[in-house]
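Here the structure is laid out as structure tokens; the discussion comes afterwards.
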Amino acid sequence: INKILMVRLYVRGLPDSNTSIQDVVARFASFGQVEACELVPRKQPETAGISKPSLVARPPWGATPVANCRFAYVEMEPKDDSSLARCLSVYNHCKWRGNVLKVELAHPHYKQRLQAEWDAQAAAAEAAASSDNMDE
């Protein structure tokens, strides 16, 4: 059995009523260990493009509801490959509290992408420096 380290899921179609991080985490916990959850609220028309900050949480989970969530990111460590596949097939296009969820693999968080890029640049610079030292 192959073990997947960590995945980031994009969850769209959350109910318009108050949705808490606890609700979303409970939804995905049966497929693996949920490490983080981020609820992103809708922009309100009266704020003219200024959105409220998203609510990010890590365990222990709070029960603070967020009204009018647009979508969520769930970072989790699935039990195995089949758990991830089952999670995507069960929850993608399923109905939850009157809304149809859309669940798919998300791109890595921009901070993780930047860190990977910086690590690659540092490794390349270190390799270049060590090859220069060997030439001398």
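Computed from the coordinates by the stated procedures, all read-outs in this text should not be read as laboratory data. Note that the coordinates shown come from a computational prediction; the quantities given were computed from them, not determined experimentally. Note that we place each Cβ from the backbone using ideal geometry, even for glycine, and neighbour counts take in every protein chain shown.
Going by average Cβ neighbours within 10 Å, how do the peptides 86-93, 121-128 rank, with the highest at the top?
Answer by packing, highest mean first, reads 86-93, 121-128.
Calculate the FRET efficiency for ARG86 and GLN112 from the Cβ-Cβ distance with a Förster distance of 25 Å, rounded to the nearest 0.05.
Values: r = 25 Å, r/R0 = 1.00.
E(calc), rounded to 0.05, equals 0.50.
Report the gain in length on full extension from ASP119 to ASN18: 0.36 nm times residue separation, minus Cα-Cα distance, nm rounded to one decimal.
32.4 nm
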